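Student: One structure is given below, represented as structure tokens, and several questions about it will come after.
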Amino acid sequence: MLLALDTATPAVTVALYDTDGDRVLASSDETDARRHGELLLPAVDRVLRAAEVPLPEVTSVVVGVGPGPYTGLRVGLATAEAFGAALGVPVRGLCTLDGLAYASGLDTPFVVATDARRKEVYWARYANSRTRLGDPAVNRPGELPPEVRELPAVGAGAALYPADFPGLRADLPAGQSAAALARLAAERLAGGADFPPPRPLYLRRPDAKVPANYKVVTPQ
């Protein structure tokens, strides 16, 4: 029983996958960029209840590692690590963009883009739904190489900037799905593929910084 979850985007998404039966038993998808911490654990409970599988029967956890904003991303990663420690099961990471790419089902080159805020997108280029070309990056849409912007585009980030992604595939899933992430993880597990560690992929420096010149207050 593989428990998959992802909070790297505005979606709070959870799925339970039966690797023996090769099928998703239950899933939950909610979108609220400000309530990842409130929604995730109830979603896990709801999915386990729907599948009629008690938590101790979970044998592995896969979690989306981003790229994504700091707060939401940490919620999913910390929760996955907590489940792994409590159950004594392995926790594996997967690039969130890879899950979106897999859900597209495309077998020709395309680009996946999610909203990075600040008028930027997190993006990666793919040869097909299973093969990423290079590492994810963050840029303003207009700064992407022309050959990338001309590709078919998948994801909510591309939908926000249709002028920069004229090949937008609005007919394909735009949001992250833990069900797709679980299917991809199961496929890679069966093939003996390596997984990235369950560590956050930020791509940006943190907003909070130590002031360069701050006043030191000492007792008199």
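Student: For a quick check: with amide H placed at 1.01 Å from N, whose amide H comes under 5 Å from residue 62's, ignoring anything fewer than 5 positions away on the same chain?
Tutor: 3, 4, 5, 92
Student: For the stretch 56-63, take each phi angle, set θ = phi - 60°, evaluate the Karplus expression 6.51 cos²θ - 1.76 cosθ + 1.60, and give the result in whole Hz per residue in order, putting x for glycine and proline.
Tutor: The phi angles translate into x, 7, 5, 10, 7, 10, 10, 9 Hz.
Student: Taking 7 Å along the Cα-to-C-beta vector as the label spot, tell me the residue 81-residue 117 distance in nanometres, rounded to one decimal.
Tutor: 2.1 nm
Student: Suppose we keep just the DSSP beta bridges with both residues in the chain; what percent of those would be antiparallel, to 5?
Tutor: Of those bridges, close to 70 percent are antiparallel.
Student: Would you mind working out the accessible area per residue for the chain, using a 1.4 Å probe, and quoting it in Å²?
Tutor: Counting only protein heavy atoms, the per-residue value for the chain is 51 Å².
Student: For the chain, calculate the relative contact order in percent as a whole number, restricting contacts to Cα pairs under 8 Å that are 6 or more residues apart.
Tutor: Relative contact order for the chain comes out at 22 percent.
Student: Write out the GluC sites (Glu not before Pro) in the stretch 121-178 meeting two conditions: DSSP loop, and at most 15 other Cβ atoms within 10 Å of their Cβ.
Tutor: 150
Student: First compute the accessible area of the chain with a 1.4 Å probe, then give the percent of it belonging to carbon and sulfur atoms.
Tutor: It is 51 percent, rounded to a whole number.
Student: Related question: Kindly write out, for the stretch 132-138 in residue order, the coupling ³J(HN,Hα) from the Karplus curve 6.51 cos²θ - 1.76 cosθ + 1.60 (θ = phi - 60°), rounded to whole Hz, with x marking Gly and Pro.
Tutor: Computed from phi, the couplings for the stretch 132-138 are 8, 9, x, 8, x, 9, 10 Hz.
Student: Could you rank the peptides 116-123, 12-19 by their average count of other C-beta atoms within 10 Å per residue, with the highest value first?
Tutor: Result, highest mean first: 12-19, 116-123.
The values are calculated or read from the model by the stated rules, or taken from the named source; none is laboratory data. On a predicted model such as this, the values are computed, not experimentally measured, just so you know. All Cβ positions, even for glycine, are placed from backbone atoms using ideal geometry, and neighbour counts span all protein chains on display. The accessibility values were calculated without ligands, DNA or RNA, using every heavy atom of the protein model including side chains. Shrake-Rupley method; radii C 1.70, N 1.55, O 1.52, S 1.80 Å.
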